[in-house]
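What follows is a set of notes on a single structure, which appears directly below.
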Amino acid sequence: MYRLICTGCGKEYPGDSPAFRCGCGEPLEVLSNRGSKRFYPERQGILNCFSSFLPPLKDESSLSMGEGWTPMPRSFAFVSEFDFELYLKNESANPTWSFKDRGTYLTLLDAVEKGYKGFGTVSTGNMAASVAAYGARMGMNTTILVSKGIPSEKIRPIAIYGPRVIKVDGDYSELYRRTLETGPSKGIYFSNSDVPMRVEGSKTIAFEIYLQLGEKVPDFVIVPTSSGGNIRGIEKGFREIKEAGLSERMPVMVAVQACGCAPIHNAFDSGWEKIERVPDPSTIAHAIENPFPPSGNAVLRMLKKNGGLTLCLKDEEILEAQSRLAGEGLFAQPAAVTSVAAIKKLKELTPLKKVRIVSVITGSGLKYPSILERHSLSVESISIGDLEAAL
Ligand SMILES: *Cc1c(COP(=O)(O)O)cnc(C)c1O
Ligand SMILES: [Zn+2]
C-alpha cells in the first residue's frame with residue numbers, strides 16, 4: 001500500500017484514506033518510494049509503461065482510451081535566431097483533446113478500486129468533458145457541477161456524454177472543497193483538478209518528455225497554469241526521474257498565467273507566502289481562469305524550492321501566439337498557447353542560449369471555436385469560370 005503526504009505540513013495518510021486534502025487545507029500527493037525504477041516504453045499505455053513510477057492501479061475493465069503518448073514536434077515559429085530548441089508537447093492529441101484525460105483515467109481506476117459507484121467533478125471546461133467521457137465509459141453515475149452562469153455552448157460538449165449536469169449558484173472554490181468533503185459519504189469520487197491521482201496522471205507528461213528527448217531532461221518546461229495540479233504533476237515526474245538516478249538535474253519549471261487572472265504569478269512576483277484571491281478575473285484563456293487555485297500555495301512552495309519562474313500574458317499576446325502557432329500547423333486553445341506566448345518574456349528573464357525548451361500545449365483549439373471571431377481571417381469567393389485566373 002502506498003501513502004499520501006501533505007505538500008504543506010508533511011502529515012502522512014494511508015493510500016486508501018478517503019481524504020483528498022490534508023486537515024491543514026493543503027493538497028496531498030502520493031508519496032513516492034525512492035530507489036531504482038525503470039520505464040517500459042515497449043508496453044502499451046501510460047499505466048503499463050510507467051507502472052514502476054505509479055501507485056499499483058489496475059485496468060481490469062479496459063477503461064483506457066489511449067491517453068498520453070502525445071506527439072512532441074519541434075517548433076520554429078517562436079525561435080528567431082535558432083539559438084535554442086523548442087518542442088511542443090501536444091496534449092490536444094488525447095481522447096477528449098486535453099491533458100486532463102491522463103489524470104481522469106487514473107482517478108477513474110482509483111475510484112473503481114475503492115468501490116465508488118459515482119464519479120464527478122467541478123468544472124466548466126476540459127475537465128468536465130474528460131470526467132463525463134470516462135465516467136460514461138465505465139458506466140458510472142457521473143455528476144458534473146458547473147457554475148450558474150455557464151453558456152449552453154459550453155454545456156453541450158459535456159452533456160453529450162450523458163452525465164448529470166447541475167448548475168450551482170455559489171462560490172466556485174467552496175464548491176471544490178465541499179465536493180471533496182461530502183463526496184465519499186455519498187459514494188461519489190470527485191476527480192477535481194489537483195487530487196493526488198490526477199497529479200500522478202500529469203507526471204506521465206514528464207516521463208514522455210524525457211523518453212522523447214532520448215532520455216534527457218530539458219532545461220525549461222513551460223506550463224499553462226490554473227489550479228496548479230498539472231504543473232505539480234510534471235515537476236513530480238522530473239523529481240522522480242532524478243530520484244531514480246536517471247538524471248542528475250531538474251528542468252526549470254515555468255508557470256504561465258493570464259495577466260487578467262494571475263494569482264500564482266502575483267504572489268510569486270511579490271514574494272508572498274500564500275496566494276491571494278483575484279477579485280475580478282478576466283481573460284480569454286478561460287481554461288486557466290481560476291481566481292483562487294487550490295494548489296496555488298503548493299505551486300509557490302515548489303517554484304521557490306527548485307528555482308522555478310512565473311510570468312503572465314495579456315489577451316493580445318495570447319491571440320498573437322494562437323495565430324502564430326496555427327501558422328505552423330497547430331490550432332490550440334488560448335490557455336494552451338500561453339506556453340509558447342511566454343517564450344518572448346522568458347527571454348527577458350533569463351538567457352536562452354543553447355537551451356532545450358518544452359512548451360506544453362494543454363488543449364485543442366476546437367474546444368473553443370468562438371475564439372475564431374477574434375482573429376481577422378480572410379476567405380475569397382469566385383465563380384468556377386474564374387478558377388484558372390484566380391489560381
Ligand atoms: C485544465 C487546463 C489547464 C490548467 O491546468 P491546471 O492543472 O488546472 O493548472 C491549462 N490548459 C488547459 C487547456 C486546461 O484544460
Ligand atoms: Zn497538511
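The values are calculated or read from the model by the stated rules, or taken from the named source; none is laboratory data. In this text, all values refer to a predicted model and were calculated from it rather than measured experimentally. Note that each Cβ is placed from the backbone with ideal geometry, even for glycine, and that neighbours are counted across all protein chains shown. These area figures cover heavy atoms from the full protein model, side chains too; ligands, DNA and RNA do not enter into them. Shrake-Rupley method; radii C 1.70, N 1.55, O 1.52, S 1.80 Å.
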Exercise for the section: Identify which of VAL379, VAL30, VAL168 has the largest mean-square fluctuation in a Gaussian network model of the chain, with springs joining Cα atoms closer than 10 Å. Expected result: VAL379
Problem - Proximal lysines to LYS353, defined as alpha-carbon separation beneath 20 angstrom and excluding residues fewer than eight positions away on the same chain - result: LYS216, LYS344, LYS345
Problem - Gyration tensor verdict on the range 281-391 (Cα atoms; rounded if a/c is under 1.5, prolate if a/b is larger than b/c, oblate otherwise) - result: prolate
Problem - Principal semi-axes in Å for the range 206-283 [√(5λ), Cα gyration tensor, largest first] - result: 29, 12, 9
Fill in the blank from the handout: About its Cα centre, the chain carries a charge dipole, from +1 on Lys and Arg Cβ atoms and -1 on Asp and Glu Cβ atoms, whose size in debye to the nearest 20 is 1140
Problem - 19 Å tail of the calculated P(r), the range 142-267, as % of Cα pairs - result: 61
Exercise for the section: Between SER381 and THR182, with labels modelled 7 Å along Cα→Cβ, what's the label distance in nm to one decimal, could you check? Expected result: 5.4
Fill in the blank from the handout: With the 1.4 Å probe rolled over protein heavy atoms, the chain has an accessible area per residue in Å² of 44
Exercise for the section: Could you rank CYS9, CYS261 by how accessible they are, 1.4 Å probe, largest area first? Expected result: CYS9, CYS261
Practice task
Per DSSP H run of n ≥ 4, the term is -39500 (n - 2.57); total these for the chain, divide by its residue number, and report the mean residue ellipticity at 222 nm rounded to 500 deg cm²/dmol.
Solution key: -10500 deg cm²/dmol
Fill in the blank from the handout: Partner aspartates and glutamates whose C-alpha sits under 12 Å from that of LYS58, ignoring same-chain residues fewer than 8 away, are ASP110, GLU113
Exercise for the section: Enter the per residue convex hull volume of the range 1-120, computed from alpha-carbon coordinates, in Å³ rounded to the nearest integer. Expected result: 180
Problem - Estimated FRET transfer efficiency (THR350, ASP315; beta-carbon r; R0 25 Å; 0.05) - result: 0.55
Completion exercise
Given 20 °C, 1.002 mPa s and a Kirkwood radius over Cα pairs, the Stokes-Einstein diffusion coefficient of the range 182-335 in µm²/s is 130
Exercise for the section: Find the Rg to Rh ratio for the range 46-112, where Rh is the Kirkwood radius over alpha-carbon pairs and Rg uses the same atoms. Expected result: 1.13
Handout entry: Choice from ARG198, ARG324, ARG43 showing the highest fluctuation, given a GNM over the chain with Cα pairs closer than 10 Å
Key = ARG43
Problem - Relative contact order [Cα under 8 Å, 6+ residues apart], the range 319-391, whole percent - result: 34
Completion exercise
Of all DSSP beta bridges with both partners in the chain, the antiparallel percent, nearest 5, is 30
Exercise for the section: Could you run the Debye sum over the Cα atoms of the chain, one equal point scatterer each and no solvent, and tell me log10 of I(q)/I(0) at q = 0.08, 0.14 Å⁻¹, two decimals? Expected result: -0.39, -1.24
Exercise for the section: Counting only C-alpha contacts under 8 Å and six or more residues apart, can you give the relative contact order of the chain as a whole percent? Expected result: 17
Problem - 31 Å Cα-Cα threshold exceeded, pairs from LYS305/LYS354; LYS242/LYS314; LYS89/LYS314; LYS11/LYS100 - result: LYS242/LYS314
Handout entry: Heavy-atom accessible surface of the range 281-361: percent carbon and sulfur, 1.4 Å
Key = 55
Completion exercise
GNM of the chain, Cα pairs under 10 angstrom: of PRO151, PRO18, PRO41, the biggest fluctuation goes to PRO151
